[in-house]
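The values are calculated or read from the model by the stated rules, or taken from the named source; none is laboratory data. None of these values were measured; they are calculated from a predicted model. Cβ: placed from backbone, ideal geometry, glycine included. Neighbour counts: every protein chain shown. To get the accessible areas, we keep the full protein, side chains included, count just its heavy atoms, and leave off ligands, DNA and RNA. Shrake-Rupley method; radii C 1.70, N 1.55, O 1.52, S 1.80 Å.
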Amino acid sequence: MSQSDEAVLKKFPTGFRGEVLRPRDPGYAAARKIFYTHTDHATPALIARAADAQDVLAVTRFAGETGTPLAVRAGGHSVDGSGMPDGALVVDVSALKAIELDTSTGIARLGSGVLLGEMDTTLERHELVVPAGTVSNTGVAGLTLGGGVGYNMRRYGATVDNLLSMEVATVDGRLVTASAKENQDLFWALRGGGGNFGVVTSFEFQARPLGPQVSAGFVPFPAESAPEVLAAWREYMADAPRELSVIAAMTQCPPMPVVPERYHGADVVLLLVVHTGPPEKTEALVDGLAALGPAIVKAVQPVPWSVANSMLDAIAPPGHRSYTKGAYLSELTDDVIDIVTRHAAAHLPSAGPVASTVQNLWSMGGAITEDFDEDSAAFSREGANWFWETVTLWDTPDQDAGFHAWVDGVHAALKPHVRSNCYVNLSTDNGADWRRGVWGSPERYARLERAKADWDPQNLLRFNKNIEPAKAV
Ligand SMILES: Cc1cc2nc3c(=O)[nH]c(=O)nc-3n(C[C@H](O)[C@H](O)[C@H](O)COP(=O)(O)OP(=O)(O)OC[C@H]3O[C@@H](n4cnc5c(N)ncnc54)[C@H](O)[C@@H]3O)c2cc1C
């Protein structure tokens, strides 16, 4: 941050009701923490912890009037650490926790600091859900603005497909509504274009029926059988009901009591199963999955939705370094299966208690790709029948090079097989060329650039998968 920027931040508005934290203030260190630690060398110049929407507006207005670049922190899960960049002015919306549900319509209004688990536990009391992600401490805000994929996407679509409206603080100092009726261009761009266009203070979703109980758990197979299991799973998912979600994780088996001890820590392909359809159909579906190979165990049981939607929390703990790449695949071909299983077998030896090199394959299809048009929102889904991602965790900087090389190696090998569009939230930013393709066609990218020029012409909201404003002609 330059001296002139520092001088500007000294003039930060005095009427701000939340906390204003600069590097020497008590509370700054705690406020700076985000989910992953690989960016924790970053020292934001000022963290403004908003108490309410008016506080958020005060910050966006200040940023606009002074030309100060602005970062946004909600749940803190960004894989790039973009919520807490070095030298930046940060507006932290994590205290905006209000949840209001109209039980007669199922319309839920959430403050932009709500986390997925908070939303799930509130809505499940009314047998409702907003389809979102799979780890309970992820922020609704960042997840929704990128698209939002999870166990209910095959049944109900992406998170953005269930979004009715947003309240947005803009850098020209207004609090506006974005919906299908008001500011339609902003509504389109924010549903997938991330935090490029304004700071969302609240979201209004149409919640959907779910539960009261769902079934969740896993079916692991020894790693040697992974190629045959994945090929059979590909066929199985072609006719699977939309209420069945399966993620295939190539991982090391967690030491769970239900798994024989000889498999604890062993390489496995683990089918992570969530069934939200009629409970009487679960057993046959799980039996069908277990018959895809030499299953080690079938551990799928009835649980409340919030339990199902937090079962990954234990294997995705906060406080570690990480490097994530993701890509859409139109087809799960034999070549792709060969690449992912060979790289799974060649993973790094576990060094330290958390070190892990996981590849997840998500079966998409159903509502997310069939019921919603590619052009209904900026979130791109065309041809996205499968999604591949790496989930890596380690602790010390000396291990960075090894983990980066492993992730980049699988990604490079898959390159001829993956699509150019991608889910922005589950991949590290791969640079300007990649960004021109991730939202789909050149026309769609041009539409995002125009929205950026309209809503953030100075590109103050640049700490994200950044879209530059269209140049005036
Ligand atoms: C462990 C883990 C599990 C995950 N699982 C899933 C999953 O199952 N499904 C899925 O879809 N994604 C998943 N993700 C990805 C997740 O959706 C993104 O990391 C998302 O950006 C997190 O949002 P956040 O609010 O927690 O993060 P933050 O770091 O707080 O925000 C990320 C970015 O979003 C933007 N942003 C946040 N809030 C606002 C706002 N109010 N207004 C404007 N812009 C804003 C900003 O650009 C910010 O830098 C996972 C990530 C992690 C780390």
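General remarks:
- Potential extension, Arg436-Glu280 segment - 0.36 nm per residue separation minus Cα distance: 51.6 nm
- Were the residues from Glu382 through Gln206 laid out at 0.36 nm apart, the gain over their Cα-Cα distance would be 61.0 nm.
- Here the scattering of the chain is modelled by Debye summation over its C-alpha atoms, one equal scatterer each and no solvent; at q = 0.08, 0.09 Å⁻¹ the log10 of I(q)/I(0) is -0.46, -0.58.
- Relative contact order, whole percent, for segment 3-92 stands at 34, derived from Cα pairs under 8 Å and 6 or more residues apart.
- Remark: spin-label model distance Asp408-Thr66 equals 3.8 nm, labels positioned 7 Å along the Cα→Cβ axis.
- Spatially, segment 291-363 and segment 162-197 are offset by 34 Å when compared through their Cα centroids.
- Between Ile107 and Arg262, the modelled labels are 6.0 nm apart [label points 7 Å from Cα along Cα→Cβ].
- Percent carbon-and-sulfur accessible area, the chain, ignoring ligands, DNA and RNA, probe 1.4 Å: 52 percent
- Residues in segment 393-413 reached by a label modelled at Arg342 [backbone nitrogen below 17 Å; 7 Å Cα→Cβ]: 406-413
- Measuring r between the beta carbons of Glu224 and Thr43 and using R0 = 35 Å, the FRET efficiency lands at 0.15.
- Positive-end residue of Leu145, Val8, Leu116, charge dipole of the chain with Cβ unit charges: Val8
- Only Cα sites of segment 99-209 enter the Debye sum here, all with the same form factor; the resulting log10 I(q)/I(0) across q = 0.10, 0.12 1/Å is -0.25, -0.36, listed in q order.
- Note on segment 448-473 and segment 99-127: Cα centroid distance 32 Å, given to the nearest whole angstrom.
- Accessible solvent surface per residue of the chain, calculated while the other protein chains remain in place, 1.4 angstrom probe, Å²: 40 Å²
- For the chain, the longest principal axis of the alpha carbon atoms and the long axis of helix 400-414 meet at an angle near 70°.
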